[in-house]
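Data block below; observations after.
What follows draws every value from the coordinates through simple rules; no lab data is involved. From a predicted model like this one, the values you see are computed outputs, not experimental measurements. Neighbour counts are summed over all protein chains in view; Cβ atoms, including those assigned to glycine, are modelled from backbone coordinates with ideal geometry.
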Amino acid sequence: MEPIQELLEISEKLLTHLTIIPTDKDNERDAFIQKMNELLNARGAIIDQLKDLKPNPIHSHPLKSELIQLDQGIREQLQKAKMTIADDLKQLQITKKSEQRYINPYAAVQVMDGTYYDKKK
């Protein structure tokens, strides 16, 4: 198969995979990220192969505009996935802080009651 056709197929698979970002935090999210990484790695390998060719076949290929549109869609969906993961991490940090406050509510209090300083030596 022609490398540009492979790039087009993998880009389409990646875009369709990125359109549905799972919201749960269990195995489904892990499988989603793993599949996304596999598709990105395969796509990157094909792009590297195309870059190594001296007369770059993408510049004069009739599917160039379609590849550009797919790339823009992939970038937008990756940005959405990144923001979703960042929001989950932020929520996890907030949960950890509130859990620590619940376990030890007086950790932030700096009270010097009952302390005696002896100035004589």
Item to check | Interatomic Cα distance distribution for region 10-60, bins of 5 angstrom, percent | outcome: 4, 19, 21, 18, 14, 10, 7, 5, 3, 0
Checklist entry - So what's Rg/Rh here for the chain, counting alpha carbon atoms and using the Kirkwood radius for Rh? => result 1.39
Item to check | Under Karplus coefficients 6.51, -1.76 and 1.60, residue-wise ³J(HN,Hα) of region 90-105 in Hz, glycine/proline x | outcome: 5, 5, 5, 5, 5, 5, 4, 5, 5, 5, 5, 5, 5, 5, 10, x
Checklist entry - How much length is gained if the chain between Gln72 and Lys54 is pulled fully straight, taking 0.36 nm per residue apart and subtracting their Cα-Cα distance, in nm to one decimal? => result 4.0 nm
Checklist entry - By how many nm would the segment from Tyr106 to Lys35 grow when fully extended, if each residue of separation counts as 0.36 nm and the alpha-carbon distance is taken off? => result 21.1 nm
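Below 8 Å between Cα atoms, with a sequence gap of 6+, how large is the relative contact order for the chain in percent? Don't jump to the answer; show the numbers that get you there.
On the way: 48 pairs, mean separation 37.3, N = 121.
RCO, the chain: 31 percent.
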Checklist entry - To the nearest 0.05, how large is the calculated FRET efficiency for Asp88 and Glu2 if R₀ is 41 Å and r is the Cβ-Cβ distance? => result 0.55
Item to check | Helix axis angle, 27-52 relative to the chain longest principal axis, alpha carbon, degrees | outcome: 50
Next on the checklist: Given a Förster distance of 41 Å, report the FRET efficiency between Ser65 and Thr95 from their Cβ-Cβ distance, rounded to the nearest 0.05.
Outcome noted: 0.35
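Just order 7-20, 51-64, 27-40 by mean Cβ neighbour count inside 10 Å, highest at the front, would you? Please list the in-between numbers first.
On the way: 7-20: 16.8, 51-64: 10.3, 27-40: 13.4.
Answer by packing, highest mean first, reads 7-20, 27-40, 51-64.
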